[in-house]
Amino acid sequence: MPSVALARGGVPPVPPSGLTDTYGAQKTLAVLVNFQDHSLPADFTNWEARMAMAGATNFVHEASYGKTWLTAIVDVPFNVADVRGPYNIPISAPTTCDDAALSLISFWAKFSAGWGGGVNPSLHNRFVIFFPETASCDFSGRSMGRDSFINGNLDVKVITHELGHYNAFQKERLGWLNFNGTPPGWPRRSRSRSPSISPPGR
């Protein structure tokens, strides 16, 4: 896939052929699921997930210089994503978070949203699936194709990072975000909470 540098003035150029589905409105379905062996209520409410998705679309819109945003098909008044759930799905929390386990979670999330949520998942081109914090999944977020899996958090940075794997929001694909998911010119976030100190002269 060709890399694209920013045009002078910081405005992304017209996308090359093959990347047009990464610009404009991205029809997004977010689904909250709960595993059958998870006795506690779902980790988040629908409203909390909706607010996280609003933060994600705001970030994507700003970082893409207004070229890309997340949108709903059914929940048009909110217009950040169709958000459904939480649903109790008929599978246990995975003991290993391999592709097969995530594919099964994806199937049941989309099935539940379609059956009980009044949406048609086939009309969406991006999916964000929130599930309870699962120790066997050694990630905060992971992407597989058009699916982004979020493990027990509502962190907008995690959501946008995972969406970026498919949506080409990363530097190596379109050039308008640095590799760490921040727009050009924004400070990089350190994993440490302590301020970084540089020696004199550096």
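Each reported figure results from applying straightforward, stated rules to the coordinates on display, with no laboratory input. Owing to the predicted nature of the structure, the values given are computational and were not obtained by experimental measurement. Glycine also receives a Cβ, built like all others from the backbone with ideal geometry; neighbour counts cover every protein chain displayed.
Quick one: order Tyr65, Tyr166, Tyr23 by neighbouring beta-carbon count within 10 Å, fewest to most.
Exposure proxy ranking, most exposed first: Tyr65, Tyr23, Tyr166.
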With a 10 Å radius around each residue's Cβ, average the other Cβ atoms per peptide and rank 102-109, 88-95, highest first. 102-109, 88-95
Please report Val158, Val128, Val31 as a ranked list, fewest other C-beta atoms within 10 angstrom at the top and most at the bottom. Val158, Val128, Val31
Sort the following peptides by mean Cβ neighbour count (other Cβ atoms within 10 Å, averaged over residues), highest first: 38-48, 142-152. 142-152, 38-48
Sort the range 21-167 into rounded, prolate or oblate with this rule: let a ≥ b ≥ c be the square roots of the eigenvalues of the Cα gyration tensor; rounded if a/c is under 1.5, and if a/c is not under 1.5, prolate when a/b is larger than b/c, oblate otherwise. prolate
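In the range 21-167, what % of DSSP beta bridges are antiparallel (nearest 5)?
15 percent
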